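K.L.:
My structure is below; once you've seen it, I'll send some questions.
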């Protein structure tokens, strides 16, 4: 594992957090518009965010930027993604994202005061 590949994997983590932040912002907008996302829709949007990062950082074009061409040509996109350094950190980022989503916020129907 080269330092450049580690750098790429680290950049992918930052991008994943930014994508998940966009998911949380979309959920907040939905709350404020009075139509919160259902669990299935939220899960789909999260999966799309993860897939976007996967396609952006674990593809042949990106490998060419971080590896010699002969090495980049030997690795498939799925194998590249499976070989990433920080899969456990990705899990932690996703867990933190879901914990943030579970917190009460203005407009969240799960936390409406029935007496208000």
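K.L.:
For the chain, what is the mean residue ellipticity at 222 nm derived from helices alone (per DSSP H run of n ≥ 4: -39500 (n - 2.57); sum divided by total residues; nearest 500 deg cm²/dmol)?
P.N.:
-23000 deg cm²/dmol, from helical runs alone.
K.L.:
In degrees from 0 to 90, rounded to the nearest 10, what is the angle of the helix 3-32 Cα long axis to the longest principal axis of the chain?
P.N.:
Around 20 degrees separate the two axes.
K.L.:
Still on this structure, I have one more. Largest first and in whole Å, what are the equivalent-ellipsoid semi-axes of region 3-106 based on the Cα gyration tensor, each being the root of 5 times an eigenvalue?
P.N.:
32, 13, 10
K.L.:
What is the log10 of I(q)/I(0) for region 70-116, computed with the Debye formula using one identical point scatterer on each Cα and no solvent, at q = 0.19, 0.29 Å⁻¹?
P.N.:
Rounded to two decimals, the profile gives -0.74, -1.01.
No value in this document is a laboratory result; all are computed from the given coordinates. Because the structure is predicted, anything quoted here is derived from the model rather than measured.
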